[in-house]
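Working notes, structure below.
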Ligand SMILES: [Zn+2]
Ligand SMILES: [Zn+2]
C-alpha cells in the first residue's frame, strides 16, 4: 500500500510502498477514505513534537473496515469508522477515573510509536515503520486498536467524517465540554484554523450570543463568519483585548478559547476574559517553550483548562457530531479547503504552512 512516511524531521514526507500485516487480536484494519492534514503533523514533521522514526504520520482519518482480528466485536467488515487517536484501554488508573484521554496504555505505546502489544504492523523490506498517534492515517490502509475504530452512520460522507477525528472534536469539545458555554454568553476564540473554527461552532451550537473570532489572516476570519462568529478581529490591525472589552461593558468575555499555540495568543486569551471566566487552551507551542504571563492576567478568578482532545469521549461524541452534521447544525463542507492525492501530500503541508487551509484532506479512492 501507499503511505506517507516520515524518515527525518526535516519537513518532508516520502510516499512509499509499505507492507501492512493483517490485524492481530483486538485490532481492526481500516481502508482509509480521507485523512486530514493537521498542524500537529506539521509540527512533528519539523521536529517540534517527539516522534519515533521512521513513521507513517496522520491521525485524522476515516474509512471502511477491511478486516478484523480475533476478539473484535464493536465493528464488522464494511462498517464506516472514524479513527480515534485516543484509543483508551478501559482498564488503567485514568480509564478507571473517567479520564480516558489520559489513558496510560495509550500514552505509553503512543510515545514509542507502537500498537497496544508493543509492535507495529507496517514495514518496508522487513524494516519496522512506527505508528503515529496509534492511527497512521496518511496511508491507504491502517491497522489500529479496536478501541480506536469508532463506528458511524453510513450516510455521513467519509471525507467530512475524517475531520471529526481530530480538529472538530478538539474545537467543539473545547467549547462545549471544557468551556461549558451556555446560552446568551460571550466567547472569544483566538486562532481560526480548523480547531478554532470548530470551537466557534461549539459556541454557536451552545447558544453563545457573542462570538468574537481573532486571527491575523483575513480569509480565516471570513471562514469564521461562515461557521458562526458574530464579530471578527484581525489582530494585526485591531487590538483584540480592547475589542472584547468594548463589546462586554468593559468586563471581558465569559469564555475565552485559545487555538493558536503562541505565547502571545495565550496571554491575549486571558486578557480578553472577565474575572471568573473559563479559559480553554487548545493550541500548543513546541515542547520545551516556556510561557510567560504577567500575574495580573490571573487576578480575580479564572478557571484555566488545557485539553488536547476537547475532553472528548470519541465513541459517544463521534456519533453525536455525525448527527449534528446530518441535521445541518455542524458545518463541515465549509471547512474543507482543498483535497490532495497522497502523492501531493507535501504540497498540502506547504499550503498549511502558508495558512491557506482551514482543512486540507488526502483523499484515497
Ligand atoms: Zn487506560
Ligand atoms: Zn490533529
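Summary table below
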| item | result |
| --- | --- |
| Pick from region 135-162, criterion assigned by TED's automatic domain parsing to the domain that holds residue 80 and closer than 20 Å to residue 340 by Cα, ranking: surrounded by the most Cβ atoms within 10 Å (Cβ to Cβ) | 137 |
| Members of region 32-56 found to be surrounded by fewer than 16 Cβ atoms within 10 Å (Cβ to Cβ) and within 21 Å of the chain's Cα centre (by Cα), listed by number | 46, 47, 50 |
| Qualifying positions in region 337-354 - at pLDDT 95 or above and not in a helix (DSSP H, G or I) | 338, 339, 340, 341 |
| Residues (surrounded by 18 or more Cβ atoms within 10 Å (Cβ to Cβ) and over 20 Å from residue 353 (Cβ atoms)) located in region 208-223 | 208, 210, 211, 212, 213, 214 |
| Counted residues, region 96-107 - those being surrounded by 14 or more Cβ atoms within 10 Å (Cβ to Cβ) and either within 16 Å of ligand 2 (Cβ to nearest atom) or closer than 26 Å to residue 36 by Cβ (or both) | 7 |
| Filter pass, residue 232 being touching a residue at least 40 places away in the same chain (Cβ under 8 Å), surrounded by fewer than 24 Cβ atoms within 10 Å (Cβ to Cβ) and in contact with a strand residue (DSSP E or B) (Cβ under 8 Å, 6 or more places away or on another chain) | no |
| Residue, surrounded by the most Cβ atoms within 10 Å (Cβ to Cβ), within region 261-282, restricted to residues that are modelled with pLDDT of 95 or more and assigned to a loop (DSSP other than H, G, I, E, B) | 282 |
| Residues of region 135-162 that turn out to be under 22 Å from residue 6 (Cβ atoms), more than 16 Å from ligand 1 (Cβ to nearest atom) and assigned to a helix (DSSP H, G or I), as a count | 1 |
| Out of 291, 257, sole residue that is touching a helix residue (DSSP H, G or I) at 6+ places or on another chain (Cβ under 6 Å), part of a loop (DSSP other than H, G, I, E, B) and either free of Cβ contacts under 8 Å to residues at least 60 places away in the same chain or surrounded by 13 or more Cβ atoms within 10 Å (Cβ to Cβ) (or both) | 291 |
| Residue tally, condition part of a loop (DSSP other than H, G, I, E, B), within 16 Å of ligand 2 (Cβ to nearest atom), in contact with a strand residue (DSSP E or B) (Cβ under 6 Å, 6 or more places away or on another chain) and at negative phi, over region 45-81 | 2 |
| Cross-chain or 6+ apart pairs with Cβ under 8 Å, region 93-105 first and farther than 17 Å from residue 309 by Cα, then near ligand 1 (Cβ under 8 Å from one of its atoms) and part of a helix (DSSP H, G or I) | 93/104 |
| Qualifying residue in region 7-26 (condition: closer than 20 Å to residue 195 by Cβ and more than 16 Å from ligand 1 (Cβ to nearest atom)) | no |
| Test set (1) under 16 Å from residue 37 (Cα atoms); (2) in contact with a strand residue (DSSP E or B) (Cβ under 9 Å, 6 or more places away or on another chain) - residue 150 fails condition number | (1) |
| Selected residue (only one of 115, 134, 163, 53 is in contact with a helix residue (DSSP H, G or I) (Cβ under 7 Å, 6 or more places away or on another chain), under 21 Å from residue 9 (Cα atoms) and at pLDDT 95 or above) | 134 |
| Some residue of region 119-134 being at positive phi, surrounded by fewer than 17 Cβ atoms within 10 Å (Cβ to Cβ) and within 16 Å of ligand 1 (Cβ to nearest atom) | no |
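Residue by residue, here is whether (1) in contact (Cβ under 8 Å) with a residue 40 or more places away in the chain; (2) more than 16 Å from ligand 2 (Cβ to nearest atom); (3) within 20 Å of the chain's Cα centre (by Cα) holds:
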position: 161; (1), (2), (3): yes, no, yes
position: 183; (1), (2), (3): no, yes, no
position: 191; (1), (2), (3): yes, no, yes
position: 197; (1), (2), (3): yes, no, yes
position: 208; (1), (2), (3): yes, yes, no
position: 212; (1), (2), (3): yes, yes, no
position: 221; (1), (2), (3): no, yes, yes
position: 245; (1), (2), (3): no, yes, no
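The values are calculated or read from the model by the stated rules, or taken from the named source; none is laboratory data. Everything numeric in this text was worked out from a predicted model, so none of it was measured. Positions of Cβ are generated from backbone atoms using ideal geometry, with glycine treated the same way; all protein chains shown enter the neighbour counts.
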